[in-house]
Amino acid sequence: QVQLVASGGGTVQPGGSLEVSCAVSGVNFATDDMGWYRQTPGNQRELVVNVTAGGSGYWGEFVKGRFTVNRSFMKRTWYLRMKDLKPEDTAVYYCNAAVGDTVYWGQGIQVTVSS
């Protein structure tokens, strides 16, 4: 059974850093693509990053080198680390994984950037 459970997030001041994580089960880090997306009210979900099983990363244009991703095989957790956060980064962040022909989503995590 595939399960993605996101955690972290919260409120941070502009220019600050934050990490969100996604604990996974039923996902094979070696063969399954994984990603992070975000969504603001009234807008479509947009790509933050997609990482293929081969390790190729595709980033949203707004990231501009401010975010990184990491995977812990031991903890079976997928991390999104964000720095130099801006108010426009405020959104609900979602992790996902493509297992076979199905894309699975974790629950959203609120990230708020505000002074």
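See the values below:
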read-out	value
As computed over the chain, the Cα convex hull volume per residue (Å³)	97
Whole-number Å³ per residue for the convex hull built on Cα positions in the stretch 1-63	122
Within the chain: Cβ-based charge dipole about Cα centre, in debye rounded to nearest 20 (Lys, Arg +1; Asp, Glu -1)	280
Two-decimal log10 I(q)/I(0) for the stretch 56-115, as the Debye equation yields it once each C-alpha is a single scatterer, q = 0.14, 0.19, 0.24, 0.28 Å⁻¹	-0.49, -0.89, -1.26, -1.38
Accessible-area composition of the chain, carbon plus sulfur, in percent [1.4 Å probe]	48
Accessible solvent surface per residue of the chain, calculated while the other protein chains remain in place, 1.4 angstrom probe, Å²	53
Added length on full extension, which subtracts the Cα-Cα distance from 0.36 nm per residue, Asn28 to Thr52	7.5 nm
Accessible surface, 1.4 Å probe, highest first, among residues Met74, Met82	Met74, Met82
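The values are calculated or read from the model by the stated rules, or taken from the named source; none is laboratory data. This structure is a prediction, so every number in the text was calculated from the model and none was measured. Cβ: placed from backbone, ideal geometry, glycine included. Neighbour counts: every protein chain shown. Accessible surface is based on the protein model in full, side chains and every heavy atom, while ligands, DNA and RNA are left aside. Shrake-Rupley method; radii C 1.70, N 1.55, O 1.52, S 1.80 Å.
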